[in-house]
1. Quick check: at a probe of 1.4 Å, how many percent of the accessible area of segment 17-173 sits on carbon and sulfur atoms?
2. Can you tell me the relative contact order of segment 217-260? Whole percent, Cα pairs under 8 Å, sequence separation 6 or more.
3. How high is the relative contact order of segment 3-135, in percent, with contacts defined as C-alpha pairs under 8 Å that are six or more residues apart?
4. What residues have an amide H closer than 5 Å to that of residue 107, excluding those fewer than 5 places away on the same chain, when H is modeled at 1.01 Å from N in the peptide plane?
5. Kirkwood Rh over alpha-carbon pairs of the chain, then Stokes-Einstein at 4 °C and 1.567 mPa s: what D in µm² s⁻¹, rounded to an integer?
6. Given H placed on each backbone N at 1.01 Å, which residues far from residue 158 in sequence or on other chains put an amide H within less than 5 Å of it?
7. Picking from 303, 121, 14, which is most flexible by a Gaussian network model of the chain using Cα springs under 10 Å?
8. Tell me the relative contact order for the chain as a rounded percent, counting alpha carbon contacts under 8 Å between residues six or more apart.
Amino acid sequence: MTGNEARGATATGEKRIMILGTGGIAHRHAEHFTSIPGCRIVAACDVNAERARAFAQMHAIPEAFDSLERALEWGAFDAAVNSTPDGVHKATTLQLLAAGKAVFCEKPLAVNAEDAFEMVEAAEAAGVVNMVNLTYRNAHAIQMARRLIEAGEIGEVRHIEASYLQSWLSANHWGDWRTDERWLWRLSSAHGSKGVLGDIGIHIVDFVTFATGLDIAALQARLKTFDKAEGGALMGYTLDANDSCAMTVEMTNGALGVIHMSRTATGKANDLDLTIHGSKGAVKVWSNTTESTLQVCLGPDIETQTWQPYECPPTPRNADRFVIALLSGENGQPDFRRAAEVQTILDLCFVSDAEKRMLPVELPPAE
Ligand SMILES: NC(=O)c1ccc[n+]([C@@H]2O[C@H](COP(=O)([O-])OP(=O)(O)OC[C@H]3O[C@@H](n4cnc5c(N)ncnc54)[C@H](O)[C@@H]3O)[C@@H](O)[C@H]2O)c1
């Protein structure tokens, strides 16, 4: 390592990225970061040494490590993409931040809001770039919907319908969860899963609040865990994490909404649907992992309930924005604080379900 590299600069000024956790989603990160100018993937790290090595070989990454400690000892990277399981994000991210590394963390940031805000404080104290991969911000349609609402095109937001529906518990298009541990940890709270809420609820709550520019003021939630295996356990995993969630919300401007999500929505693979009805127009966003569409009902069309397709220009991905932030030194969105705020909503859903009542949302003030 040259002196320059140790201080965090390559000869070309490129930022050096390590991928931590080389399972399913890490392959998408390797593909994206390889294609973004201004950065280079220099290392891969996974507690499964064989997986780390195979991943590094597949993506032509020069270094592979079997522990974060060993990777940090080596230290020749500026930023890490943290794609470990949910329950591992906090400990590993705090280690990275303590070493002065920028972090692009997978969602959910942590397993509860308290832990998430501890990570916010650590990141802000370290003064490094900190972002969370709320993937559906990549959807061109959600960015355009936000711009239309911000410009007042639909008037006052009055009513919201939002859902994120998957069916990997009832169909095998992503593999069989009964035999594949990559899915089993998502069904077990002892393995750090917050169920469908932590897995995809975070995306749809972000979708709603980002598009409307409004926070949730109060919510009521029902959670359901279905019987899926004899004795409620499989391969050492207790299958107790929630599978479906239905919420009603009141937004800070008084608008009402329903937000629901499920892993057992047979007939839906991975669909986010969001309709926002305003006092003088409405927008309808649909997105999956790779595509999105926007339809609008505006102006005279509100008299005939006619919806028109609306063109949405391409928008930078979260990964692009992370590299831009690394190069400029200015934090990008969505950042840790934003993800911790969404986590507050998820935590409240558990309380609301247990107490069977509507609860007000109180967010800690920004520093
Ligand atoms: N943003 C999205 O749309 C999206 C999509 C899928 C997954 N995710 C998130 O990405 C994360 C990973 O999900 P996945 O499906 O790739 O899981 P996975 O189980 O396929 O991969 C996780 C990897 O992390 C490794 N790991 C565990 N502990 C580690 C540690 N301490 N240090 C280094 N490596 C460790 C595991 O060995 C495994 O290879 C999760 O937080 C998940 O919620 C996000």
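The values are calculated or read from the model by the stated rules, or taken from the named source; none is laboratory data. These numbers come from a predicted model, not from an experiment. Heads up, the Cβs are rebuilt from the backbone with ideal geometry, glycines too, and the neighbour counts pull from every protein chain shown. Calculation scope for accessible area: heavy atoms of the full protein, side chains included, ligands and nucleic acids excluded. Shrake-Rupley method; radii C 1.70, N 1.55, O 1.52, S 1.80 Å.
1. 50
2. Contact order relative to length: 42 percent.
3. Taking the mean separation of contacting Cα pairs over the length of segment 3-135, I get 21 percent.
4. Amide H neighbours of residue 107, under 5 Å, 5+ apart: 133.
5. It comes out at roughly 61 µm²/s.
6. Answer set, sorted by chain and number: 277, 278, 279.
7. Result: 303 has the largest fluctuation of those listed.
8. After rounding, I find 19 percent.
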